[in-house]
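Read the figures in this text as sums done on the coordinates, not as results from a lab. The shown structure was predicted, so the numbers you read here are calculated from the model rather than taken from an experiment. Because the Cβ atoms are built from the backbone with ideal geometry, glycine has one as well, and the counts that use them run over all protein chains shown.
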């Protein structure tokens with residue numbers, strides 16, 4: 001599989017899963033990258049967003065997420081993939097018992113920041129901080145950070161609407 005195909009798959013899969021609905025691949029609006037860059041730089045980030053570490057136990061993360069949660073089953077199997085969202089804080093975690101937290105999503109400015117980037121920031125600030133993305137479209141962008149990926153969704157006035165941190169592989 002070529003590098004471009006891997007990046008497209010990572011971005012489409014992550015953004016599809018970020019829809020946090022059952023049957024996510026079929027029902028979620030997938031933003032496909034219009035541009036795949038060969039000149040992106042790898043980010044150096046700690047794999048933590050809003051206090052949730054990628055790979056930590058789902059049970060521990062769910063306990064800290066709070067009681068105002070919505071739980072959706074994204075993939076039914078013996079160890080189902082769950083999306084657990086606290087809509088009052090704008091924090092969603094996705095993962096399963098075996099792998100732990102695989103994706104953390106923020107949809108609220110007050111939920112936290114990733115390397116000083118927050119929901120509500122302008123696209124120019126994000127690009128100034130992280131440089132050109134590995135893959136992008138009008139409404140989304142993807143950066144690689146070692147074993148992890150960072151996704152950002154933008155609204156029609158180029159403001160961050162969602163920050164996503166997850167496993168790249």
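Of the residues in region 98-139, how many are within 13 Å of the chain's Cα centre (by Cα) and either part of a strand (DSSP E or B) or over 30 Å from residue 63 (Cα atoms) (or both)?
Selection size over region 98-139: 7.
State which residue is farthest from residue 98 (Cα to Cα) when the search covers only region 68-85 and only residues that are in contact with a strand residue (DSSP E or B) (Cβ under 6 Å, 6 or more places away or on another chain) and in a loop (DSSP other than H, G, I, E, B).
Once the filter is applied, the top-ranked residue is 68.
With the requirement that a residue be touching a residue at least 60 places away in the same chain (Cβ under 8 Å), more than 13 Å from residue 49 (Cα to Cα) and crowded, with 19+ Cβ neighbours inside 10 Å, what does region 82-131 give you?
The answer is 83, 85, 130.
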